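See below for the structure under consideration.
The values are calculated or read from the model by the stated rules, or taken from the named source; none is laboratory data. Here the structure is a predicted model, which is why all the values come from computation and not from measurement. Using ideal geometry, Cβ is built from the backbone for each residue, glycine included, and neighbour counts are taken over all protein chains shown.
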Amino acid sequence: MHFRILTTSLLVAAFGAAVPAYAQSASSDPAAGSNGLTQREVRTLLEEQGYRDIKQIQFDDGLWEAHAVSGNGKRLEVKVDPLRGRIYPEDGTAVSRMNKDEIHASLSAQGFSNIRDLKFKDSLWHAEADNSNGRKVELRIDPEDGTIVTARND
């Protein structure tokens, strides 16, 4: 009996851990603030990173967006990953740690096929691909580690 309870507990724990992971990967646009940064936390994060005069913080297309002035005085738009808090400035100065072939390989390893229109723009890699279910999706990919930042049906 003790073994049965322990086994059931382990199954419930394993299933419970798998559901949020699937929900996170299946969702293309998490609701603003759900399981991620709130608007106030985004403002604080940007201020801590040296941005000032932060305006128009809004959640759009899977990312937080804001207009701000950078530490060097340049006004720009920034995007913020709501789950990891990574900041992607759209100032044209970003450099990708991963090259195009590495991003392509990373997407393939993550189960995407028919990868096309892969380009680096606005501090993120952008691509269209077919997911493991054969659905066409638009992807935005982190240039540091190849993580999918947003995925939405095309």
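Taking Arg140 as the residue in question, decide whether it is out of contact with any Cys (no Cβ under 8 Å at 6 or more places or on another chain) and in the same structural domain as Arg43 (by TED's automatic domain parsing). No.
Filter region 42-74 down to the residues that are of a type in the set (Gly, Ala, Ser) and in contact with a helix residue (DSSP H, G or I) (Cβ under 8 Å, 6 or more places away or on another chain), then identify the one that is farthest from Thr150 (Cα to Cα). In this case the residue turns out to be Ala68.
Scoring Glu138 on the criteria (1) within 21 Å of Arg84 (Cα to Cα); (2) part of a loop (DSSP other than H, G, I, E, B) leaves a single failure, condition (2). Residues in region 97-154 that are in contact (Cβ under 8 Å) with a residue 40 or more places away in the chain, of a type outside the set (A, V, I, L, M, F, W, C), at negative phi and out of contact with any Pro (no Cβ under 7 Å at 6 or more places or on another chain): 11 in all. Residues in region 64-85 that are surrounded by 20 or more Cβ atoms within 10 Å (Cβ to Cβ) and assigned to a strand (DSSP E or B): Trp64, Ala66, Ala68, Val78, Lys79, Val80. Yes or no: region 121-144 includes at least one residue that is over 30 Å from Lys55 (Cβ atoms) and among the acidic types (Asp, Glu). For region 121-144, residues over 30 Å from Lys55 (Cβ atoms) and among the acidic types (Asp, Glu): present.
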